[in-house]
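The values are calculated or read from the model by the stated rules, or taken from the named source; none is laboratory data. From a predicted model like this one, the values you see are computed outputs, not experimental measurements. Cβ atoms come from the backbone with ideal geometry, glycine included; neighbour counts cover every protein chain shown. Ligands, DNA and RNA are stripped out before the accessible areas are found, and what is left, the full protein with its side chains, is counted by its heavy atoms. Shrake-Rupley method; radii C 1.70, N 1.55, O 1.52, S 1.80 Å.
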Amino acid sequence: MSAAKIKKGDKVVVLSGKDKGKHGVVTAAMPKTGKVIVSGINMMTRHKKASQTNPQGGLERIEAAMFVCKVAIEDPTTGKPTRIGFKINEDGSKVRIAKRSGATIDG
């Protein structure tokens, strides 16, 4: 099993599509399907029928899943998109680092 490069809670930048250049936070990561859900990005509209819990019905705006290759981690120092590398610390723990600046992303 390979290490996850993008996880829940990461700040990411959208690389392509209608929301290109926007920044957001990953709210859900689905490694089996290779998709992520980013807050406020890739919004879609669902037409909801009226029900007892929602008697008005109407339009519901939700975030749709998008492929993980369409997003990149935001560099902690510059805020630009960066690739991810891995490094072993002195204490033996594995941490993610930004290839652009060399800054650690977690840990």
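Before moving on, here are some points about what is shown:
- Simple spin-label estimate for Thr27 and Lys11 gives 1.9 nm between the two label positions (7 Å along the Cα-to-Cβ direction from each Cα).
- For the chain, the dipole from Cβ point charges (+1 on Lys and Arg, -1 on Asp and Glu) about the Cα centre works out to 400 debye, to the nearest 20.
- Across the chain, Cα-Cα distances exceeding 18 Å account for 56% of all pairs.
- For Lys35, the residues whose amide H sits under 5 Å from its own are Met30, Val68, ignoring neighbours fewer than 5 places away on the same chain, with H placed 1.01 Å from N.
- The trypsin sites (Lys or Arg not before Pro) of the stretch 16-50 that meet both conditions, a loop assignment by DSSP and at most 15 other Cβ atoms within 10 Å of the site Cβ, are Lys18, Lys20, Lys22, Lys32, Lys49.
- In the stretch 44-107, the C-alpha radius of gyration followed by the widest Cα-Cα span (Dmax) gives 20.4, 59 angstrom.
- Sites Thr45 and Asp91, calculated FRET efficiency, Cβ-Cβ separation with R0 30 Å, nearest 0.05: 0.05
- Links that overshoot a 27 Å alpha carbon limit, given the list Lys8/Lys99; Lys20/Lys94; Lys32/Lys70; Lys11/Lys49; Lys7/Lys80: Lys20/Lys94; Lys11/Lys49
- Measuring nothing but protein heavy atoms, the accessible surface of the chain at 1.4 Å probe radius is 53 percent carbon and sulfur.
- Loop-located GluC sites (Glu not before Pro) in the stretch 49-107 (DSSP state not H, G, I, E or B) with no more than 11 neighbouring Cβ atoms inside 10 Å: Glu90.
- Per residue, in Å², the accessible surface of the chain once ligands and nucleic acids are set aside, probe 1.4 Å: 69 Å²
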